[in-house]
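The values are calculated or read from the model by the stated rules, or taken from the named source; none is laboratory data. Since the model is a prediction, treat every value here as computed from it, not as a measurement. So basically every Cβ, Gly included, is an ideal-geometry build from the backbone, and we count neighbours across all protein chains shown.
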Amino acid sequence: MTQLDDRRTTTTPPIVVGVDSSPGSKAALWWALGQADRTGATVEAVAVWTAQPLASYGCEWVAAADAGDDVAAATEAELLDTLVEVARDYGPSAPIRPLVRQGRPAEELLRAAASAQLLVLGGPAHGPLAGLLLGSVSRRCLHRASCPVLVIPPALARRPRPGDRPARALPPGRRLAP
């Protein structure tokens, strides 16, 4: 077993976070960093882009294929910008491994989380019903994930203030009193 620091080992399963530029995903990343600090895990920040269907054939096929590279690069740049912003606000923390994938967001997040200890997602903002609804990606991940899934409510998606630290997770086996 390779020791990475006093708590982290290469056998500790990662915490996977779905990341885009939304406030909800930034809150999810913020929470995941705190949990990773406490558990000794690495955070795998996953951004997914979807190829758009082609409208025609011929030379435009090549142009559309080239556009996929542009979308992938833009997705990677957006992911890195988000990671830099959250890491700057959070301060020194757990290692973060950025991953950019192409495909359907729920399926790619589920694939990335197959051996994870936890999948963390930001809740969608849907206006006045934001607290009552789950987005289709969150819903699909909740029903099909092989690991626990945490959806951070939109109300927690605020920019951290100096001195803030992520909320503590309950130790394994502990429950909130009703």
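Considered as a group, the residues in segment 21-70 that are exposed (fewer than 15 other Cβ atoms within 10 Å of the Cβ) and among the β-branched types (Val, Ile, Thr) include one that is modelled with the highest pLDDT, and that residue is Thr50.
Within the span defined as segment 75-96, every residue fails to be of a type in the set (Asp, Glu), closer than 21 Å to Val149 by Cβ and at pLDDT 80 or above. Could you check, for segment 72-88, whether at least one of its residues is without any contact (Cβ under 8 Å) to a residue 60 or more places away in the chain, over 14 Å from the mean Cα position of the chain (by Cα) and over 19 Å from Lys26 (Cβ atoms)? Yes, segment 72-88 has at least one match.
How many residues does segment 84-95 hold that are surrounded by fewer than 21 Cβ atoms within 10 Å (Cβ to Cβ) and in contact with a strand residue (DSSP E or B) (Cβ under 9 Å, 6 or more places away or on another chain)?
Keep residues of segment 84-95 that are surrounded by fewer than 21 Cβ atoms within 10 Å (Cβ to Cβ), which gives 84-85, 87-93, 95.
From what's left, in contact with a strand residue (DSSP E or B) (Cβ under 9 Å, 6 or more places away or on another chain): 87, 93, 95.
Matching residues across segment 84-95 total 3.
For Pro14, indicate whether it is under 14 Å from Leu118 (Cα atoms), surrounded by 15 or more Cβ atoms within 10 Å (Cβ to Cβ) and at pLDDT 80 or above. Spelling it out, Pro14 is indeed under 14 Å from Leu118 (Cα atoms), surrounded by 15 or more Cβ atoms within 10 Å (Cβ to Cβ) and at pLDDT 80 or above. In segment 122-153, how many are within 10 Å of Leu110 (Cβ to Cβ) and at pLDDT below 80? Counting residues in segment 122-153 that are within 10 Å of Leu110 (Cβ to Cβ) and at pLDDT below 80 gives 0.
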